[in-house]
C-alpha cells in the first residue's frame, strides 16, 4: 500500500511540476513561484485524501458517491488554501458568490476528469476483450 | 532439518523425496515452493495433498490470510502465500486482478463494467469475479495489448 501511495504521489507531483513549468513559461514571471508552494500544499492534501478514499472504499460503496466527496473536498482545500495564502479574501457577498462559482467549476472539472478516466478504462477493456476473444479463437483452432 | 544431496550424472529425472514423522506447515510450505518450479501447485483438500497443473487453475484467492486455488470444479487450500505465487507467476498468463485475487487470463472470457462502475470478469466455467480498476493496466500488459 505504501509503495502504491508513493508511486501515485510522485506521478501526481510530477504532473503538477510540469503544469507549473508550462505556466511559468507562459506567464514569464518569477514571482509565480509562490503559486508552486500553494499547488504543492493542495496536491499533498487532496492526493492523500483521494488515494485512501478510493483505495479503502471509504464513506460509501458506490464509486460516484466517493468521487463527489473527493471533488468537494478538493474544492474546499483549494478555497481554504487560497484564503490562508492570502490570494483571496471574502469581504462581501460578491466575493462569496465568486468563491461559490469557482468551487462549482473545480467540482465539475474533477467530475469531468473521472468521466474521462472511465472512458479510458472502457477503451482498455475493449482492447482486452478483443485480445481474450482472439486468444480463445486461437485455442479452438 | 537435515538436507542430503546425492549427485548422480546417470539420473534422467530429478527426484525429491521428503522423509518426516509428521507433515508440518513448514514442510508444506517447502513442498509448495518446490512445486512452483514445476508449474504445478500443491493444494490441500480433505487432508490430502494434490499437485494441480497450472493450466487447470482458474484463479487464486486470498481470504483471511489463507490462499485458495480454484479449478473448474474444485477448491484447494494452498500452502504458498499469494505474494509468493505472484512472484513465481511473473512471466506467465496469470495476473493480479484485485488485492486478493490472481487470475489465469487464459481462462478469462471477458471483462465487463457494471452499472455501479465495478468490473466483472467472466471465466470460461461461467464464474464471475471482481476486477479492480487499478489492475486493468497490469492485465493489459500481460496480454500484450
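Read the figures in this text as sums done on the coordinates, not as results from a lab. Fair warning: this is a prediction, and the values are worked out from it, not measured in the lab. Quick reminder, even Gly has a Cβ in these numbers, built from the backbone with ideal geometry, and neighbours come from all protein chains shown.
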Taking the Cα centre of each part, how many Å lie between the range B:30-104 and the range A:1-70? 37
Starting from 0.36 nm per residue, how many nanometres of slack lie between residue B:34 and residue B:6 once their C-alpha separation is accounted for? 8.3 nm
The range A:57-111: D in µm²/s via Stokes-Einstein (Kirkwood Rh, Cα pairs, 10 °C, 1.306 mPa s)? 131
Rounded to the nearest 10 degrees, what's the angle between the helix A:33-55 long axis and the longest principal axis of chain A, both from Cα atoms, 0 to 90? 40
Give me B:108, A:68 ranked fewest to most by other Cβ atoms within 10 Å of their Cβ, as a rough exposure proxy. A:68, B:108
Given a Förster radius of 25 Å and the C-beta distance between residue A:13 and residue A:102 as r, what FRET efficiency does 1/(1 + (r/R0)^6) yield to the nearest 0.05? 0.60
Once normalised by the length of chain B, the mean sequence separation of its alpha carbon contacts under 8 Å that are 6 or more apart gives a contact order in percent of 15
Listed with the fewest Cβ neighbours within 10 Å leading, A:104, A:70 appear as A:104, A:70
Debye sum, Cα scatterers, the range A:1-69, no solvent: what log₁₀ I/I(0) at q = 0.16, 0.24 1/Å? -0.65, -1.00
Given only helices, namely DSSP H runs of n ≥ 4 each adding -39500 (n - 2.57), what is the per-residue ellipticity at 222 nm of chain A, to the nearest 500 deg cm²/dmol? -30500 deg cm²/dmol
Relative to 2.2 N^0.38 Å, what does the C-alpha radius of gyration of chain B come to as a ratio? Two decimals please. 1.20
Kirkwood radius from Cα pairs of the range A:10-141 plugged into Stokes-Einstein at 20 °C, 1.002 mPa s, gives D in µm²/s equal to 121
Can you give the angle from 0 to 90° between the axis of helix A:93-140 and the longest principal axis of chain A, with both taken from C-alpha atoms, to the nearest 10? 10
Ranked list, fewest to most other Cβ atoms within 10 Å of each Cβ, for A:90, B:85: A:90, B:85
Could you give the angle, 0 to 90 degrees to the nearest 10, between helix A:63-84's Cα long axis and the longest principal axis of the Cα atoms of chain A? 20
Calculated over the protein assembly as shown: convex hull of Cα atoms, volume per residue (Å³): 224
Only helices counted: for chain B, with every DSSP H run of 4 or more residues adding -39500 (n - 2.57) and the sum spread over all residues, [θ] at 222 nm is -5500 deg cm²/dmol
Report the relative contact order of the range A:8-141, percent, no decimals, based on alpha-carbon pairs under 8 angstrom and at least 6 residues apart. 19
